[in-house]
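The values are calculated or read from the model by the stated rules, or taken from the named source; none is laboratory data. Here the structure is a predicted model, which is why all the values come from computation and not from measurement. So basically every Cβ, Gly included, is an ideal-geometry build from the backbone, and we count neighbours across all protein chains shown. In case anyone asks, the SASA skips ligands and DNA or RNA and just uses the protein heavy atoms, side chains included. Shrake-Rupley method; radii C 1.70, N 1.55, O 1.52, S 1.80 Å.
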Amino acid sequence: MPTLAIIGAGPGLGAAVARRFGREGFAIALVSRDQAKLDALADELAGDGLTARGYAADVRDAAALTAALERAAAELGPVTALQYSPLPARSYLKPVLELDPELAAEALSFSALGLIAAARAVLPAMRAGGEGSIVLINGGTSVKARPDFAGTSVAFPAETAYGEMLHDALAPEGVHVCQLVIPGAIPMLPLERGLEDVADRIWDIHAGPGEFRTMLIPLDQGREPDHD
């Protein structure tokens, strides 16, 4: 059974993607910081007939994240698909004049360095098998900086650059690295089926090798929630 690892798994998009991949025969490794919440989500997915387990780790702790992914591979099977979609902290959404080096470093650790640790944990098996996918889920600041969202405007482009380099380096080996950009909050987007539409798009870009970046909707159609 192939395994999908969702970094930043939760009851919204993570659960929708788990169900979408589960219908295709994937086991699901759920990764976030709260083991109790992960266990509850795994139980809910198991009630739908899916194989799912939770593995607690903070993406800012490379050793813990690597260990969680290694456990998932040992218990569920090699990770052949990875979704990197941890939700940035509200503290990263600060005006640029309030951004200090400590907060910028934390945002970079959360986005870019966490992705690097996760990728290094799963890529050996993907490369050995000649197949696999890594899907980055990012907001609009990965494409265009916003001075009122300074932390993600610094961190998302770094994550994007690493992902795009992996895309170019690994495409000849059959490993697909790609990015879905979601401009704005999902509940506020013009989508008929909401989370299910997004999960379908993630499945499509996982299953069909193509360009690195896919825009869910045009950047100027995204709407952000009030974060004050």
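Some observations on this one:
- Cα gyration tensor category, rounded, prolate or oblate, for the stretch 86-215 with a/c compared to 1.5: oblate
- Evaluated with a Cβ-only charge set (Lys, Arg +1; Asp, Glu -1), the chain carries a dipole of roughly 240 debye about its Cα centre, given to the nearest 20.
- Nearest 10 degrees, 0 to 90: helix 150-170 Cα axis against the chain principal axis: 40 degrees
- Folded to 0 to 90 degrees: helix 13-22 orientation relative to the chain principal axis, Cα: 30 degrees
- Cα gyration tensor shape of the chain, rounded if a/c is under 1.5, else prolate or oblate by comparing a/b with b/c: rounded
- Computed from Cα atoms, the angle from the helix 114-129 axis to the main principal axis of the chain rounds to 30 degrees.
- Ellipticity at 222 nm from helices only: DSSP H runs of n ≥ 4 in the chain, each -39500 (n - 2.57), divided by the residue count, give -13500 deg cm²/dmol.
- For the chain, accessible area per residue (1.4 Å probe, heavy atoms of protein chains only), Å²: 46 Å²
- Taken about its Cα centre, the stretch 48-115 carries a charge dipole of roughly 140 debye when the Cβ of each Lys and Arg holds +1 and the Cβ of each Asp and Glu holds -1.
- Rounded to the nearest 20 debye, the dipole size of the stretch 29-84 about its Cα centre is 160 debye, using +1 on the Cβ of Lys and Arg and -1 on the Cβ of Asp and Glu.
- Gain in span if fully extended, GLU173 to ALA63, counting 0.36 nm per residue against the direct Cα distance: 36.9 nm
- Distance from the C-alpha centroid of the stretch 22-80 to that of the stretch 133-187: 22 Å, rounded to the whole angstrom.
- Of the accessible area of the stretch 40-101, computed with a 1.4 Å probe over protein heavy atoms only, carbon and sulfur atoms account for 56 percent.
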